[in-house]
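Below is one structure, written out as structure tokens; the observations come after it.
The values are calculated or read from the model by the stated rules, or taken from the named source; none is laboratory data. Since the structure is predicted, the reported quantities are computational estimates derived from the model, not experimental observations. With ideal geometry, Cβ positions are generated from the backbone for all residues, glycine too; neighbour counts draw on all protein chains shown.
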Amino acid sequence: MDTSQSTALLREIVEQQKRQIALQSQALDLQREHLERVDAHLARAERVNAGAEALQRRAAAAVRLILWVALPLVLIVLALILWLETASA
């Protein structure tokens with residue numbers, strides 16, 4: 001193998017390495033973009049989850065309030081109905 005062939009082969013190797021580095025750089029850019037999207041999606045999911053948890057806490061508080069108000073009223077109405085039944089008999 002003469003010097004010109006060696007030089008040509010070395011240039012080809014260098015060019016291939018440059019292409020490979022460029023492709024790796026593009027792949028890293030794509031991975032970086034994907035990671036940024038995943039991070040944004042995760043942040044949004046965390047916000048939605050926090051909102052859902054807050055809504056569940058408010059709903060639980062509302063149910064407790066309804067039970068504390070409605071249950072005694074139902075018992076009073078039942079007692080009144082039973083008292084009226086026995087009084088009319």
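A quick yes/no check of all residues on (1) part of a helix (DSSP H, G or I); (2) under 48 Å from the mean Cα position of the chain (by Cα); (3) on the phi < 0 side of the Ramachandran plot; (4) among the polar types (S, T, N, Q):
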site	(1), (2), (3), (4)
T7	yes, no, yes, yes
E15	yes, yes, yes, no
K18	yes, yes, yes, no
A27	yes, yes, yes, no
Q31	yes, yes, yes, yes
H34	yes, yes, yes, no
R44	yes, yes, yes, no
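Give region 75-89 a look and list any residue that's exposed (fewer than 10 other Cβ atoms within 10 Å of the Cβ) and not small (G, A, S), or say none. Write out each step before concluding.
In the first step, residues of region 75-89 are kept if they are exposed (fewer than 10 other Cβ atoms within 10 Å of the Cβ); the result is 85-89.
Scanning region 75-89 gives E85, T86.
Just to check your reading of the model, which residue among L73, L30, L35, L23 is among the aliphatic types (A, V, I, L, M) and either modelled with pLDDT under 95 or touching a strand residue (DSSP E or B) at 6+ places or on another chain (Cβ under 8 Å) (or both)?
On the way: L30 fails: either modelled with pLDDT under 95 or touching a strand residue (DSSP E or B) at 6+ places or on another chain (Cβ under 8 Å) (or both); L35 fails: either modelled with pLDDT under 95 or touching a strand residue (DSSP E or B) at 6+ places or on another chain (Cβ under 8 Å) (or both); L23 fails: either modelled with pLDDT under 95 or touching a strand residue (DSSP E or B) at 6+ places or on another chain (Cβ under 8 Å) (or both).
Only one candidate passes the filter, namely L73.
Given the criteria hydroxyl-bearing (S, T, Y) and at pLDDT below 95, does S4 qualify?
yes
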